[in-house]
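Here is the structure we will look at.
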Amino acid sequence: MAIVVRIDVELAKRKLSVGEFAERVGLTPANVAVLKNGRAKAVRFTTLDAMCRVLGCQPGDLLEWVADDEADA
């Protein structure tokens, strides 16, 4: 099981930089990078809420579950 983080896709759609996104959400750019690169072990609902508010999207636009065999491909 793998959770794929799609923040980079949503940022690109809105032509929003990591720095600007981080500032609006209230995170450091380093923490956004951890989320973007899939290295985060957890995401607080308050952080997910802030990201969705800034991007005008749903949590499912940012996170996707992929089966193990698909993640390896």
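Residues in segment 43-72 that are polar (S, T, N, Q) and either touching a strand residue (DSSP E or B) at 6+ places or on another chain (Cβ under 9 Å) or assigned to a helix (DSSP H, G or I) (or both) were compared, and the one that is least open to solvent (accessible area, probe 1.4 Å) is THR47. For segment 19-39, taking the residues that are surrounded by 14 or more Cβ atoms within 10 Å (Cβ to Cβ) and within 10 Å of the chain's Cα centre (by Cα), the one that is farthest from VAL54 (Cα to Cα) is identified as VAL34. For segment 23-35, the count of residues that are part of a helix (DSSP H, G or I) and in contact (Cβ under 8 Å) with a residue 40 or more places away in the chain is zero.
The values are calculated or read from the model by the stated rules, or taken from the named source; none is laboratory data. This structure is a prediction, so every number in the text was calculated from the model and none was measured. Ideal geometry is used to build each Cβ from the backbone, glycine not excepted, and the neighbour counts take in all protein chains shown. Ligands, DNA and RNA are excluded from the accessible area calculation, which covers all protein heavy atoms including side chains. Shrake-Rupley method; radii C 1.70, N 1.55, O 1.52, S 1.80 Å.
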